[in-house]
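Only one structure is covered here, and it is reproduced in the block below.
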């Protein structure tokens, strides 16, 4: 007696393959985004560079952003214990986009 071996349905295999490809594409996209992310220290360096590029002093940026001088120093030094709201205010005042993921 021959046992019947069920052959896989080609449509099911293609569907599963398409689903797996889509999952891998999403993972690759997230990896690309993660590669472009900045640490707090790097974000601080970018903010400082942009402030200097615009010819602003720390005091002027304080006035534009509403963020305290001491907080701006912490941001530019990359101190991790700053409030997100402060970082957003500074980035906005400089015309920078802030992406948090």
(message) If I ask for residues that are surrounded by fewer than 17 Cβ atoms within 10 Å (Cβ to Cβ) and closer than 27 Å to residue 30 by Cα, which ones from region 51-88 would you list?
(response) 79, 80, 81, 83, 84, 85, 88
(request) Report, ordered by the first and then the second residue, all pairs with beta carbons closer than 8 Å, sequence separation of six or more or different chains, a first member in region 38-52 that is free of Cβ contacts under 8 Å to residues at least 24 places away in the same chain, and a second member that is surrounded by fewer than 18 Cβ atoms within 10 Å (Cβ to Cβ) and assigned to a helix (DSSP H, G or I). (result) 38/46
(message) So if I check each of 14, 84, 24, which one is at pLDDT 85 or above and more than 20 Å from the chain's Cα centre (by Cα)?
(response) 14
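The values are calculated or read from the model by the stated rules, or taken from the named source; none is laboratory data. Every value quoted in this text rests on a predicted model; they were computed, and no experiment measured them. Neighbour counts are summed over all protein chains in view; Cβ atoms, including those assigned to glycine, are modelled from backbone coordinates with ideal geometry.
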